[in-house]
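The numbers here are math on the coordinates, done by the rules we state, and not lab data. As the structure is a computational prediction, the values presented were derived from the model and not from experiment.
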Amino acid sequence: MFDFDGSAGRLAGAIGRHPREFVGILMTTVAITAIFVNALFLQRGPHPAPIFATRPAMARQAPAVLSRPHVVELATPVTVARSAVQIISDIQRELSRKGYYDGAADGIWGAKTDAAARDFVQATGRKINADASESLLHAIVLSAPKAKSTPAAAPVRKDPIAELITPTLQVLAIQRALADFGYGQIKPTGGYDPATQAAIEKFERARKLPVTGQISDQLVRELSAMTGRPLE
């Protein structure tokens, strides 16, 4: 068995005999221990002169992250098919705007709508079917309005008797002029009557004109010259 008490006694005797050497050995041991502890555990980075050669640690690289290229996604237009009622209603409205249709935009392809569509195709000379389709609607939208035909004026038939009977401002002026200059007791009514005819005949005789008793351009000129003012 190990004699602990004897060893301790011998160590104490050696220290007593050589105290300086013991202190020197103790200080040297403490210094070496401090150097080892500092080099191995207290240095944050590698020591400039390491005691043991160490293998340089390879830099730990983060795994490369492949970035996904930014792709701009274009919105794809969605085409919604329209119903036949909507197409027919739009055709009716456009035909009405262009002067080919005068009915209601009810979305029903009736005889009136069909006739208007055929009228449009014939009037514009387009090679397109006159049926309810988007192509017909597009053609109507791009077309010009229908040319309005002016009805021929009916020939005006002159009725001398009607012109004489119908009250006019000119007859009224003639009656006033004849009455003012004493060619008869005429009541200005604007209508041609026997009293007016007698006064005209009297004026024509006085002015040595052909006696007709009728209102003529020559009578109007003579009365205007006599009164000094135009007969209105």
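Global dimensions of region 84-142 from alpha-carbon coordinates: Rg and Dmax equal 9.8, 27 Å. Taking 0.36 nm per residue of sequence separation and removing the Cα-Cα distance, the residue 143/residue 218 pair yields an extension gain of 21.3 nm. Here is the size of region 161-227 from its Cα atoms: Rg then Dmax, 10.5, 28 Å. Fully extending the segment from residue 211 to residue 12 would add 53.0 nm, taking 0.36 nm per residue of separation and subtracting the current Cα-Cα distance.
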